[in-house]
Amino acid sequence: MPVLDPSALGERLAAHSRAVILANQAPNGAFLAGPTFPQYQFAWLRDGAFIAEALDLAGDHAAAGRFHDWVAGLVAGSRVGLARAVTDAGAGQAPDPADYLHCRYRIDGSPGPEDWPTFQLDGPGIWLWSLGVHARAGGRVTAAHRQAAALVARYLAALWAHPSYDAWEESPEHVHTSTLAGILAGLRALDTVAPEALAGDVAAARDALAARLLAGSGAFAKWDGNPGVDGSLLWLAAPYRLVDPRSERFAATLARIEAELVSPDGGVHRYRADTYYGGGEWLLLTAALGRVYLRRDDPGDRDRAAACLRWIEAQAGADLALPEQVATRALHPEHIGEWEERWGASARPLLWSHASYLALRRELLAAS
Ligand code: BGC
């Protein structure tokens, strides 16, 4: 018997999610991360890559392809700076901010305002990974995509061991496990999208990165030496497929996430000390948890995944918009006010939340 009853709400929310994503894709392919939240009216590499993945899973290859065109254009326009960043990294220096790939761009491809934690190495890695998803799903990979993939691969191969802001745009002094995972997932996609780029330094860096990330024992940590766990570590199993969800290390990680970050109502927090808008439950992480359960497929896992989907559906407003996070069970509610004063209500809709919902829903329907 199918565990997922394709409810009327699910059908409507899925159609709405796709419509919101496409309505906020610029003609050149860029996605606005959060169209009504002023700080998010930019196109992020990370958000866009996860959105493109969801589109490819749904068979929307043309829209995903337009996003890859947009990234390829901005990478090509950054090639001189990227080459300098590689040289600087070779000399043991951090790249000049004018040279590195930024986390968020304006639709026209110019970097977003500088008052932002712009140096994030996971974004380009996740983009490369999403190009691999595009190729494997049957999307067209163009010569411009392959050239951009090769440039990004050289950049990441040179810089992967440098500290950078993480997926939550925080803690720049650390090398984050989740960032290493995004980069490794990206470098592994070269096999599919640009095998010719896997020469010399890039191949050596990929091996060294894999050894650093995957050799070892015990639960994965937010960064080496940090006693805490982070919800973005779910991505190692799903969607990146870097580790088997049944492996001892990932099982230990998942057990910690379930114990420390999954709220009694089923939503997933980013990490215990999170104070951004009070540290609510994030929809995109709850979707990742559902996808992890589906991939593990132990008895009861499909029901657990379906519960994740239902939880996300329950967060939709009457207008069907999905937020970035919900504050009902915020870890640090005393911090909500300061963020609301600074930036207004937290982002809603968030395209990445809608994309995550679509991806989990599709995988759940396929598994039922
Ligand atoms: C999140 C990032 C995200 C950005 C735009 C930030 O608050 O921490 O992961 O890329 O919002 O959605």
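The values are calculated or read from the model by the stated rules, or taken from the named source; none is laboratory data. Source: prediction; values computed, not measured. Here the Cβ positions follow ideal geometry from the backbone for every residue, glycine too, while neighbour counts run over all protein chains shown.
Could you list, in sequence order, all residues of the range 127-172 that are small (Gly, Ala, Ser) and at positive phi?
Those that are small (Gly, Ala, Ser) and at positive phi: GLY138, SER171.
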Practice item. Could you run through the range 67-105 and say how many residues are within 16 Å of the ligand (Cβ to nearest atom) and not in a helix (DSSP H, G or I)? Key: 5
Check your understanding: So which of ARG302, ARG348, ARG270, ARG342 is over 17 Å from TYR40 (Cβ atoms) and not acidic (Asp, Glu)?
Key -> ARG302
Exercise for review: Answer with yes or no whether GLU11 is on the phi < 0 side of the Ramachandran plot and touching a residue at least 12 places away in the same chain (Cβ under 8 Å).
Suggested key: no
Exercise for review: Identify the single condition in (1) surrounded by 19 or more Cβ atoms within 10 Å (Cβ to Cβ); (2) at positive phi that LEU121 does not satisfy, given that it satisfies every other one.
Suggested key: (2)
Review point. Among all residue pairs at least 6 apart or on different chains, which show Cβ distances below 7 Å where the first residue, located in the range 341-368, is under 17 Å from ASP60 (Cα atoms) and the second is charged (D, E, K, R) and assigned to a helix (DSSP H, G or I)?
Key: LEU351/ASP47; TRP352/ASP47; LEU358/ARG18; ALA359/GLU53; ALA359/ARG291; LEU360/ARG291; GLU363/ARG291
Review point. Are any residues in the range 28-46 of a type in the set (Ser, Thr, Tyr) and within 8 Å of the ligand (Cβ to nearest atom), and if so, which ones?
Key: TYR40
Check your understanding: Among the residues of the range 142-177, which ones are away from the ligand (no atom under 16 Å from the Cβ), among the hydroxyl-bearing types (Ser, Thr, Tyr) and either within 16 Å of LEU101 (Cβ to Cβ) or within 17 Å of the chain's Cα centre (by Cα) (or both)?
Key -> TYR155
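Quickly run through the range 5-34 and pick out the residues that are within 13 Å of GLY109 (Cα to Cα) and outside any loop (DSSP other than H, G, I, E, B).
PHE31, the sole residue that qualifies.
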Revision key, fill the gap. Only one of GLY48, GLY90 is touching a residue at least 40 places away in the same chain (Cβ under 8 Å) and crowded, with 16+ Cβ neighbours inside 10 Å, namely GLY48
Check your understanding: Name the residues in the range 46-66 that are over 18 Å from the mean Cα position of the chain (by Cα), in a helix (DSSP H, G or I) and of a type outside the set (Gly, Ala, Ser), would you?
Key -> HIS61, ARG66
Practice item. Go through the residues of the range 247-267 one by one and say whether even a single one is within 15 Å of the ligand (Cβ to nearest atom), assigned to a helix (DSSP H, G or I) and closer than 20 Å to ASN226 by Cα. Key: no
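So which of ALA8, ALA52 is within 19 Å of LEU101 (Cβ to Cβ) and either at pLDDT below 95 or of a type in the set (Gly, Ala, Ser) (or both)?
Details: ALA8 fails: within 19 Å of LEU101 (Cβ to Cβ).
Sole residue among the options that is within 19 Å of LEU101 (Cβ to Cβ) and either at pLDDT below 95 or of a type in the set (Gly, Ala, Ser) (or both): ALA52.
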Practice item. State which residue is nearest to GLY279 (Cα to Cα) when the search covers only the range 307-354 and only residues that are within 16 Å of the ligand (Cβ to nearest atom) and hydroxyl-bearing (Ser, Thr, Tyr). Key: SER346
